[in-house]
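Just below is one structure, and these are the notes that go with it.
The values are calculated or read from the model by the stated rules, or taken from the named source; none is laboratory data. All values reported here derive from a predicted model rather than from experimental measurement. Reconstructed Cβ throughout: ideal geometry from the backbone, glycine too, with neighbour counts over all protein chains shown.
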């Protein structure tokens, strides 16, 4: 199929008729019919059957369509990348992306220091999930990203900033005083308590699940959340024990919860990501240093 065939096929799949497809891609109805007929001739099978004035896709068309959707998604990414390249890098603006856990305490500290150095720079901060951060940086839609865990991607360069660790956030009164006085807890220690679990698709959740398997411990999950601060908030309200990264634990209200490190340590690495195929801006490098300093100055790293 040629690109024009694909465009017409996609338009008909989306609209269900030749007239609507013609309006969608801004061509005449005869042109749509002609291109569609040519595509079917080249393919050797029908793509649509006409039923009560509408075009109904054949089984072959339905099999083909998911691949066409992926192709259009890739074309959209090409357009987004071209737009990013056209806009270029500005020397008075910094666009950075971060996982949500870093946006409550660490990013504000780093930005405070950064603004003292660069008061004229306009900064945009977006809190996203790690896969979204990676995708946006690959497409050069941002200058800098901060994530948990290492990333292997040829279009990105990464820099290790610090090592955090998993922490146990327990509502006061939930753990026995003897356990609280130990200064740390193991997965076995909390196996019989209600636990607020992290999504297994999350890097930190993946580390935690692996540690549970290694220790042969099954936690009593009562709620599963996608963000670490949601887990922290639930612990504040006594719903259960939250197992979160140490950057999130910095925000804990210690009048309501106990903050105890997990033993043995479950390491949560913190990395900066930048597009590899363009020079790193001085602003991105400066912000990276501010982040590293902010992490070092808190109790979030080991």
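Out of the strands (runs of 3 or more DSSP E) lying entirely within region 1-103, which hold 3 or more residues that are modelled with pLDDT of 90 or more and in contact with a strand residue (DSSP E or B) (Cβ under 8 Å, 6 or more places away or on another chain)? Steps first, answer last, please.
Values: elements: 48-51, 54-57, 93-98.
Hits in region 1-103: 93-98.
Read through the list (1) surrounded by 14 or more Cβ atoms within 10 Å (Cβ to Cβ); (2) at positive phi, then give the number of the only condition that residue 5 fails.
(2)
Residue by residue, here is whether (1) in contact with a helix residue (DSSP H, G or I) (Cβ under 8 Å, 6 or more places away or on another chain); (2) under 15 Å from residue 97 (Cβ atoms); (3) modelled with pLDDT of 90 or more holds:
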site	(1), (2), (3)
127	yes, yes, yes
141	yes, yes, no
147	yes, yes, yes
152	no, no, no
162	yes, no, yes
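Could you check residue 93 against (1) surrounded by 13 or more Cβ atoms within 10 Å (Cβ to Cβ); (2) closer than 28 Å to residue 152 by Cβ and say which number it fails?
Every condition holds for residue 93 apart from (2).
Does residue 169 fit the bill of being modelled with pLDDT of 95 or more, assigned by TED's automatic domain parsing to the domain that holds residue 261 and farther than 30 Å from residue 15 by Cα? Walk me through it before giving the result.
Working: modelled with pLDDT of 95 or more: yes; assigned by TED's automatic domain parsing to the domain that holds residue 261: yes; farther than 30 Å from residue 15 by Cα: yes.
When the stated conditions are applied, residue 169 passes them.
Suppose we filter 217, 268 for residues that are in contact with a strand residue (DSSP E or B) (Cβ under 8 Å, 6 or more places away or on another chain) and under 24 Å from residue 199 (Cβ atoms); which single one remains? If you could, list the steps in order and put the result at the bottom.
Values: 217 fails: in contact with a strand residue (DSSP E or B) (Cβ under 8 Å, 6 or more places away or on another chain).
Result: 268 is the single residue among 217, 268 that is in contact with a strand residue (DSSP E or B) (Cβ under 8 Å, 6 or more places away or on another chain) and under 24 Å from residue 199 (Cβ atoms).
Take the residues in region 96-127 that are within 16 Å of residue 248 (Cβ to Cβ) and without any contact (Cβ under 8 Å) to a residue 60 or more places away in the chain; name whichever of them is surrounded by the most Cβ atoms within 10 Å (Cβ to Cβ).
99
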